[in-house]
Amino acid sequence: MNTKKHHVVVIGAGFGGLYAVKQFINSDIDVTLIDRRNFHLFQPLLYQVATGTISAPDISAPIRSIFGDKKNITVRLDIANGIDPYNRYVQTRNHARIRYDDLIVATGVSHHYFGNDEWEKHAPGLKSVEDAFEMRRKIFTAFEQAENETDPLRRKQLLTFVIIGGGPTGVELAGALADLAFKTLDGHFHNINTKKECEIYLIEALPNVLPTFDNKLSQITKKYLERMGIKVLTDSRVIEITSDTVAFEKNKEKQVIETKTTLWGAGVKASAWGMILSEAADAQVDRVGRVLVKKDFSIPNYNNIFVIGDLARFQDSKNEFIPGVAPAAMQAGEYVAKLIKNRVNGDDSFKEFEYKDKGNLAVIGRNRAVADLGFYKAQGFVAWLLWLFVHICFLIGFDNKVSVLIKWALNYFNQDKGTRLIFVK
């Protein structure tokens, strides 16, 4: 009698992978979760790590603290770097071959510099803890070097910050940086006046910031940012980034900003698993490497290989692509896990995935946010409270929820962000 249990391998412990594995807890299915990190990261708050509002452990949850006591869940700290879809095994960097009955790939995306990969060394993005630390190093080092700089032109470069990308990441980063420069650090230096000397630019290629939001909320966001002292440049396409300049094109004219601190918040490209599945399993990918999936998130030719989260390019019944946001990844993870469990139990019935749009939220600064929930739109303090509530709810782990809530409360009343350690490279 064969007592071998059905085995599911999940690659990636982001939102999609985490919520998929949760569905298998205490089931008759064995699960192996593979990730290169030993923690789940709450990426939406990385910009607060970069600007010193909170620390990295506040938005990180060790994977073993989530699944370590679950008998049917095995966690492997490793890097999955290959697949044999015919013999159904995943290859890892540690030379392990892990067999699977079903495979869920949820490895997400990384920064996309639109064919200009050389820009990355001058303009770090924000997808990992290391990215946040590098961004924080650049930001706070600029202030420290400006304090010691006697050349007025170089000091101006050091106190000029350019953020590229007017989506939620760019907008939230710009708002946090404005609070830091114009409020928190005001009076902390003797030779520079951060409130008067700092300049912050937000550059967006499209006509509006927050282009996926309602047009009215996008306009309100721009006004909020400008009131905070941020120079918002829309319809502006970046054409060159060097160590001390950003060049962009606006109204067919080239303009240059001299800066020592450029931060990237525009564009994403798929993880390496997009090409791995394309080469090994004939999966189709789009121009940035995301995998085109079927209505159940499986790939053509292999109904036991599923791709979810930001790596998946999923088109719903209305021919609309679901967005690359955390709620979509969570819902996809739960859907695929339930589908697999049903199949294992002999239920091959198919119910098409329906994405429940939870809306869009973006915080701009102290007491300022915008919320577009479809049925309800809000701005200002009400939207800010809603943003706080939603993000606390989505954080993994009770300790993290309490820690972040306390730090936000302290920062709200004293505006003194204390996580300003600079790690020298």
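The values are calculated or read from the model by the stated rules, or taken from the named source; none is laboratory data. No experiment lies behind these values; they were computed from the predicted model shown. Neighbour counts run over all protein chains shown; Cβ positions are idealised from the backbone, glycine included. We work out accessible area using only protein heavy atoms, side chains counted, and drop any ligands, DNA or RNA first. Shrake-Rupley method; radii C 1.70, N 1.55, O 1.52, S 1.80 Å.
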**Message:** In Å and on Cα atoms, what radius of gyration and Dmax does region 1-101 show?
**Reply:** 15.5, 59
**Asked** By how many degrees, between 0 and 90 and to the nearest 10, does the Cα long axis of helix 168-179 differ from the longest principal axis of the chain?
**Response** 40
**Prompt:** Got a sec to turn the phi values of region 310-322 into Karplus ³J(HN,Hα) couplings, 6.51 cos²θ - 1.76 cosθ + 1.60 with θ = phi - 60°, whole Hz, x for Gly and Pro?
**Reply:** 5, 6, 8, 10, 10, 10, 7, 5, 8, 6, 10, 8, 6
**Message:** Exposed loop sites here are chymotrypsin sites (Phe, Trp or Tyr not before Pro) in DSSP loop states with at most 11 other C-beta atoms within 10 Å. What is the longest stretch of the chain lacking them?
**Reply:** 87-349
**Message:** Only Cα pairs within less than 10 Å get springs; with that Gaussian network setup on the chain, which residue of Val291, Val49, Val256 has the largest fluctuation?
**Reply:** Val256
**Asked** Looking at region 188-254, which trypsin sites (Lys or Arg not before Pro) are DSSP coil and have at most 14 other C-beta atoms within 10 Å of their C-beta?
**Response** Lys252
**Fill in**
Diffing region 150-163: the Karplus 3J(HN,Hα) column from phi (6.51, -1.76, 1.60, θ = phi - 60°), in whole Hz with x for Gly and Pro, holds 9, 7, x, 5, 5, 5, 5, 4, 5, 9, 10, 10, 10, 10
**Item:** Mean separation of Cα contacts under 8 Å (6+ apart) over length of region 267-330, as relative contact order %
**Value:** 24
**Request:** Output the relative contact order of the chain, whole-number percent, from Cα pairs under 8 angstrom with separation of 6+ residues.
**Result:** 19
**Request:** Can you spot the lysines whose alpha carbon is less than 22 Å from Lys338's alpha carbon? Ignore those fewer than 8 places along the same chain.
**Result:** Lys4, Lys5, Lys22, Lys70, Lys71, Lys294, Lys295, Lys351, Lys356, Lys358
**Request:** Just grab the label-to-label distance for Ile25 and Arg37, each label 7 Å out from Cα along the Cβ direction, in nm (one decimal).
**Result:** 2.1
**Karplus-derived 3J(HN,Hα), 6.51/-1.76/1.60, for each residue of region 133-149, Hz, glycine and proline x** = 5, 5, 5, 5, 4, 5, 5, 6, 5, 4, 5, 5, 5, 5, 4, 9, 7
**Complete:** Helix 380-394: inclination vs the chain longest Cα principal axis, degrees, rounded to 10, gives 40
**Prompt:** Taking region 242-342, which GluC sites (Glu not before Pro) meet the DSSP loop condition and have no more than 13 other C-beta atoms within 10 Å?
**Reply:** Glu320
**Message:** Pick from Ala56, Ala96, Ala332 the residue whose mean-square fluctuation is largest in a GNM of the chain, springs joining Cα atoms under 10 Å.
**Reply:** Ala96
**Message:** Nothing charged except the Cβ atoms of Lys and Arg (+1) and of Asp and Glu (-1): what's the magnitude of the dipole of region 130-283 about its Cα centre? Round to the nearest 20 debye.
**Reply:** 560
**Fill in**
Restricting to lysines and to Cα separations under 25 Å from Lys183, and discarding same-chain partners fewer than 8 apart, the set is Lys138, Lys156, Lys195, Lys196, Lys222, Lys223, Lys231, Lys260, Lys407, Lys417
**Complete:** By the C-alpha gyration tensor axes a ≥ b ≥ c (rounded if a/c is under 1.5, else prolate when a/b exceeds b/c, else oblate), the shape of region 33-84 is oblate
**Prompt:** Ile305: net charge of surrounding residues, Cβ under 10 Å, Lys/Arg +1, Asp/Glu -1, itself excluded?
**Reply:** 0
**Beta bridge orientation in the chain: antiparallel %, DSSP, nearest 5** = 55
**Prompt:** What trypsin sites (Lys or Arg not before Pro) does region 300-341 have in DSSP loop regions with at most 14 other beta carbons within 10 Å?
**Reply:** Lys318
**Fill in**
Taking Cα atoms, the helix 326-344 axis meets the longest principal axis of the chain at an angle in degrees (rounded to 10) of 0
**Asked** Per the 1.4 Å probe, what fraction of the accessible area of region 229-297, in percent, lies on carbon and sulfur atoms?
**Response** 45
**Item:** Charge context of Phe114, other residues only, Cβ under 11 angstrom, K/R +1, D/E -1
**Value:** +2
**Request:** Could you tell me the distance between the Cα centroids of region 146-225 and region 277-309, to the nearest Å?
**Result:** 39
